[in-house]
1. Find the chain A residue whose Cβ sits closest to the rotation axis that carries A onto B, and give that distance in whole Å.
2. Starting from the 7 Å offset along Cα-to-Cβ, what nm value, one decimal, do you get for the label separation of B:R69 and A:K3?
3. Show me, for the range B:183-191, the HN-Hα J-couplings you get by feeding each phi into the Karplus relation (A = 6.51, B = -1.76, C = 1.60, θ = phi - 60°), rounded to Hz, glycine and proline as x.
4. Mind listing the label-point distances from B:G44 to the same position on all other copies, shortest first, one decimal in nm, points 7 Å along Cα→Cβ?
5. Could you work out how much longer the chain between A:R147 and A:A194 gets when fully extended? Use 0.36 nm per residue separation minus the Cα distance between them, nm to one decimal.
6. Show me, bin by bin at 20 Å from 0, the whole-percent P(r) of the protein assembly as shown based on Cα pairs.
7. Compute the semi-axes of the equivalent ellipsoid of the range A:11-126, taking the square root of 5 times each eigenvalue of the Cα gyration tensor, and list them largest first in whole Å.
8. What would the Debye formula give as log10 I(q)/I(0) at q = 0.24 Å⁻¹ for the alpha-carbon point model of the range B:122-192, no solvent?
Protein chains: 2
Amino acid sequence: MVKQQRAARTRESLVRAAAEVFAEEGFVAASIAAISERAGVSPGALNFHFDGKTALARAVEGRAAEAVRSITRAGGGAGRAGDPLGALVDSTYALQRLLVGDVLVRAGFALGADVAHRSRVDLRGQWRLWAEESFGAAARAGQLADRVSARDAARLVVAVTAGLEVLGAVHADGADVHQALTRIWSVVLPGIAAEPQETD
Amino acid sequence: MVKQQRAARTRESLVRAAAEVFAEEGFVAASIAAISERAGVSPGALNFHFDGKTALARAVEGRAAEAVRSITRAGGGAGRAGDPLGALVDSTYALQRLLVGDVLVRAGFALGADVAHRSRVDLRGQWRLWAEESFGAAARAGQLADRVSARDAARLVVAVTAGLEVLGAVHADGADVHQALTRIWSVVLPGIAAEPQETD
């Protein structure tokens with residue numbers, strides 16, 4: 001039991017160290033030596049747990065996918081029942097927070113765009129699907145202006161979040177990215193939301 | 001004279017080969033050997049013209065910057081005088097076409113976001129400035145809705161174009177990216193443009 005706990009802790013250290021090194025140096029430049037050193041684990045122990053760099057990258061992507069699922073699953077909850085548009089807006093902030101604050105998520109998305117690594121997990125596809133479903137629900141709830149297609153609005157949100165990810169990676173400043181998102185929603189929302197209805 | 005022409009042609013082959021290898025493999029994985037082989041030039045000749053990989057990357061970025069300037073300079077021209085908003089929309093298509101069709105531009109932008117390379121050219125900054133100037137001019141020409149800030153609209157366009165760059169790099173399909181841009185503008189434009197004025 002203690003042995004299993006220790007093994008789980010070692011795996012966790014390795015996945016986190018790999019994410020840090022991938023995020024800082026990219027997939028190609030990341031070395032097994034740098035990852036095992038960062039995790040405080042011998043290269044032999046790393047090899048016992050993971051069959052090379054690609055296996056580590058896939059573990060990182062798996063963890064990132066879980067984190068994205070936890071955002072989209074929370075979307076329908078807490079105070080946003082019957083407000084799919086609000087839930088979607090919330091989730092864009094939640095994603096940006098993870099991209100800035102959680103190296104597993106940041107590295108997972110970066111690996112998905114890395115020409116040198118072949119991903120099995122489609123994080124961007126997972127995110128796009130959530131945006132499409134949310135806008136679809138918003139349209140059915142009468143929250144979208146008639147002229148706005150749910151699918152096109154989802155394209156816009158996916159492009160914006162991917163763009164902030166690139167721009168955030170360059171500037172690496174969470175406060176800036178959060179503010180940029182707020183300013184962008186201030187331009188986009190009035191253009192896509194339905195006019196408030198008179199209630200009788 | 002013939003010698004100078006030959007030298008210029010060799011430099012051109014090297015810059016283009018470097019852009020191709022950077023775009024395909026990223027800065028770190030790109031090897032001098034692969035670049036010189038792609039250019040059909042000996043590694044010694046490469047070294048005569050460029051002092052290593054960073055010098056080649058800077059040459060690529062310089063060429064990308066020229067290409068972006070040619071778009072933004074054309075912005076005020078041909079049929080778009082007095083229509084800064086239309087000129088900006090045109091230039092987003094022109095940029096996407098270059099990102100898909102011109103490997104120098106694609107590699108230049110990718111190098112600007114590559115954690116392993118220190119850029120001297122700020123392509124994204126150059127593009128952002130153009131978007132801000134265009135929206136500023138559009139606001140002064142009465143083309144923007146009153147509630148829309150020119151700076152925020154520019155943020156939106158910069159994020160969208162950076163996002164399409166990432167998504168386009170993954171899918172590598174020019175037609176898709178063009179269509180995505182058209183659909184995104186169909187959502188964004190009605191939200192930011194001023195209502196057409198009655199003329200008397």
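1. Nearest Cβ to the rotation axis, residue and whole-Å distance: A:G191, 1.
2. The answer from the label model is 6.8 nm.
3. Going residue by residue, I get 5, 5, 4, 5, 7, 7, 4, x, x Hz, with x marking Gly and Pro.
4. Counterpart label points of B:G44 in the remaining copies fall at 4.7 nm.
5. Using 0.36 nm per residue and subtracting the Cα-Cα distance, I get 16.0 nm.
6. 25, 52, 21, 2, 0
7. Details: eigenvalues 189, 35, 25 Å².
Each semi-axis is the square root of five times an eigenvalue, giving 31, 13, 11 Å.
8. Cα-only, vacuum Debye calculation for the range B:122-192: -1.10.
Throughout, read-outs are computed from the coordinates displayed, never taken from laboratory work. Predicted, not measured: the structure shown is a model, and the values here were computed from it. Every residue, glycine as well, gets a Cβ built from its backbone with ideal geometry; the counts of neighbours run over all protein chains shown.
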